[in-house]
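Encoded as structure tokens, the structure appears first; notes follow it.
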Amino acid sequence: ETANSRLQHEYVPSAHLSAACTCLAWAPPGGRPPPSKDGPQRKKRKSEVAEVDKQLDILAIGTAVGSILLYSTVKGELQSKLDGGHDSRVNCVRWHQDNCCLYSCSEDKHIVEWNTQTCKVKCKWKGDNGSVTSLCISPDGKMLLSAGRTIKLWDLETKEVYRHFTGHATSVSSLMFTTVKPVNENKPFDGITGLYFLSGAIHDRLLSVWYIRSDRKEKNAVMAFTVTDEPTFIDLTISEVKEEPVKLAVVCRDGQVHLFEHILNGYCKKPLTSNCTIQIATPGNDEDSTPKPVPILAAAFCTDKQSLLLVYGNTLQPIIEKVSLNTTESHVCLIRDIQKVLSLKTDVALTKVKTPVANSDTKILVPGIPGHSTTVKTPSSGKEKKKNKRKPGEIEESIEERLGALDIDVSKVKTPGGLPQADSFAVLLVQGLESNDAEILNRVLNTKKETLIKNTVARMPIHAVIPLLHELTKRLQGNPYSASLMVRWLKSVFSLHASYLSTLPDLIPQLGMLYQLMESRVKTLQKLSRLHGRLFIIASQVAASEAGEDVTEVNQTAKLVYEDESSEEEGSDDEMIADKESDENWDEDEEKEEQSDEQEMAVEKEINGDSDGEPENESEEE
């Protein structure tokens, strides 16, 4: 609302449409394209139709991703979305006088003609070798100016180039027709020949005026307006009669407005300088003795062509003011106290808010230092003042005595290194996140107590939630072994702050990395569990076989010890040797028995007279 600089309407795109706005254009008042066929159609009341005819409603918004949004300011909602025309940033949108038609140009070198009723592309053609940065439709609606580095005039019926204009070194940022009728009224008017138009380019301090001739001879600018810096906003009054001068208001990047007034009547060699320059500054009578310049953001002529609307201050809270142009001075400096104007505005806005009457016992929390809750101090009563006063000659108590009086264990207070409580943990965490101090963060985030983590997350301020999530994501990425600790924090953050997180428009990009991390881990979980199962089986088999081997060895050693008793002199180095020796021992015992038997037999033989020495020999050999 320009009359009182009040914000009347604000459009915030939802998360899935959150592409930056690059250009705007109001649809011509009067008719309006019907709503897209997707939504249910409702009959309008007569009063609604009457209102709509008077005011501007549809706003075309070009975005950085190539889509165009049609937004209804009366309904306060998106009416339709034009997709499929551009695959890069939209640089300019222009409505045709016939309301259902919209033209747009983009970084993808193309110009697109849209049908806003069906929300589909009517025609698309290549506009330039580079990006097309600006468009302008001729007063009769049959021609279209487009510009990248060179300016082209297109015939909209055939989509062919009618004229070329060259002269800008950089890409053109603005195109405007300055006249509706040709200066020479003798010749019949074909709708375009004899008209003048204006163009401005980025990083260019000259605004060029071009003349559309009937022949193709001259392609250069007929005159130029010079300004102090790159133009950021241009508005002009169109000359409708031959003698009527064109008034031009150019806002520059340095925050000044240059006003030009000139009758366009042919070629002019020298660049024209401004008739009047307007600046705004703060008064220098307060603490700051030096006046400071206030940047002018935009300027527009009012319908009477005698006054100018100036927009100045900052873009978030601009101040809009109407200034009359009946001055003959070449330089005007308006003194405005921005702080006072803004404070007046906020005071007016705040009158509706009622402050509750608080009791002295209640504790009131107000926004203070992040992470701390500051209390509002009530004025101290008389009793407290009496306590603080000391009588003359009285000795001041030591801090230890005072603490003793408060029944606080002094030794407890003195011991450093004790684990801080949840509230101090929350403060520490916020400090660590703000200063990016790894030591503090490690100390806080490496805790394993579930209750402590929950209390810390519950007590931390809302603004620290997203930085904490970023820190946890970074730790999960960098050090996978810390995942078991970080997951506890994530769990409590999501369970306690879910309602806050769901209100963020850019939540998807904020949590995208974390989500991908989780997804990749979950994907590998199945494979890992299979591998774990197989390894477990192999490991158990190996362990079982080893256990079996151990049992047999124990039995063998016990056997050896038992059989080794007879031959202690010879060291049993090898199992086989030990076995042989034991066998020989057994054989010797048998031989002794046999020898005794044989001796008895020999005695008998000797008696019989058949003595023989063979058995003895045999026994010796054995």
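The values are calculated or read from the model by the stated rules, or taken from the named source; none is laboratory data. Note that the coordinates shown come from a computational prediction; the quantities given were computed from them, not determined experimentally. Positions of Cβ are generated from backbone atoms using ideal geometry, with glycine treated the same way; all protein chains shown enter the neighbour counts. All accessible areas refer to the heavy atoms of the entire protein, side chains included, with ligands and DNA or RNA removed. Shrake-Rupley method; radii C 1.70, N 1.55, O 1.52, S 1.80 Å.
Among the listed residues 447, 473, 456, identify the single one that is surrounded by 15 or more Cβ atoms within 10 Å (Cβ to Cβ), in contact (Cβ under 8 Å) with a residue 12 or more places away in the chain and not in a helix (DSSP H, G or I).
So the residue among 447, 473, 456 that is surrounded by 15 or more Cβ atoms within 10 Å (Cβ to Cβ), in contact (Cβ under 8 Å) with a residue 12 or more places away in the chain and not in a helix (DSSP H, G or I) is 447.
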* Being crowded, with 19+ Cβ neighbours inside 10 Å and under 19 Å from residue 175 (Cα atoms) is the filter here, so list the residues in the stretch 108-127 that pass it. => 110, 111, 112, 127
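Yes or no: the stretch 201-219 includes at least one residue that is open to solvent by less than 30 Å² (accessible area, probe 1.4 Å), at pLDDT 85 or above, in a loop (DSSP other than H, G, I, E, B) and of a type in the set (A, V, I, L, M, F, W, C). First the steps, then the outcome.
Keep residues of the stretch 201-219 that are open to solvent by less than 30 Å² (accessible area, probe 1.4 Å), which gives 201, 207-210, 212.
Then keep just the ones that are at pLDDT 85 or above; that gives 201, 207-210, 212.
Those still in the list that are in a loop (DSSP other than H, G, I, E, B) too: 212.
Narrowing further to those that are of a type in the set (A, V, I, L, M, F, W, C): 212.
Taking every residue of the stretch 201-219 in turn, at least one turns out to be open to solvent by less than 30 Å² (accessible area, probe 1.4 Å), at pLDDT 85 or above, in a loop (DSSP other than H, G, I, E, B) and of a type in the set (A, V, I, L, M, F, W, C).
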* Structure fact -> Contact list, first residue from the stretch 149-176 and over 21 Å from residue 139 (Cβ atoms) and open to solvent by less than 60 Å² (accessible area, probe 1.4 Å), second anywhere and in a loop (DSSP other than H, G, I, E, B) and among the hydrophobic types (A, V, I, L, M, F, W, C), beta-carbon distance below 8 Å, six or more apart or interchain, is 170/202; 171/202; 173/202
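Residues are listed down the side, and each one gets a yes or a no for (1) open to solvent by less than 20 Å² (accessible area, probe 1.4 Å); (2) more than 30 Å from residue 218 (Cα to Cα):
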residue: 253; (1), (2): no, yes
residue: 257; (1), (2): yes, yes
residue: 264; (1), (2): yes, no
residue: 272; (1), (2): no, no
residue: 275; (1), (2): no, no
residue: 299; (1), (2): yes, yes
residue: 306; (1), (2): no, yes
* Those residues of the stretch 54-94 which are open to solvent by less than 30 Å² (accessible area, probe 1.4 Å) and either assigned to a loop (DSSP other than H, G, I, E, B) or over 26 Å from residue 145 (Cβ atoms) (or both), in sequence order -> 57, 66, 67, 72, 79, 80, 85, 86
* Quick one: count up the residues across the stretch 495-505 that are open to solvent by 70 Å² or more (accessible area, probe 1.4 Å) and part of a helix (DSSP H, G or I). => 4
* Asked: How many residues are modelled with pLDDT under 85, under 24 Å from residue 230 (Cα atoms) and of a type in the set (Val, Ile, Thr) when one looks only at the stretch 289-338?
  -> 1
* open to solvent by less than 80 Å² (accessible area, probe 1.4 Å), modelled with pLDDT of 85 or more, under 18 Å from the mean Cα position of the chain (by Cα) and not hydroxyl-bearing (Ser, Thr, Tyr), is that true of residue 487? -> no
* Please go through the stretch 339-358 and pick out each residue that is modelled with pLDDT of 70 or more, open to solvent by 60 Å² or more (accessible area, probe 1.4 Å) and not charged (D, E, K, R). => 339
* Structure fact -> Restricting the stretch 430-444 to residues that are of a type outside the set (Asp, Glu) and open to solvent by 70 Å² or more (accessible area, probe 1.4 Å), the one nearest to residue 463 (Cα to Cα) turns out to be 431
* Asked: touching a strand residue (DSSP E or B) at 6+ places or on another chain (Cβ under 7 Å), among the β-branched types (Val, Ile, Thr), in a strand (DSSP E or B) and closer than 23 Å to residue 132 by Cα - does that describe any residue in the stretch 254-277?
  -> no
* Selection within the stretch 510-526 - under 18 Å from residue 465 (Cβ atoms) and open to solvent by 100 Å² or more (accessible area, probe 1.4 Å) -> 515
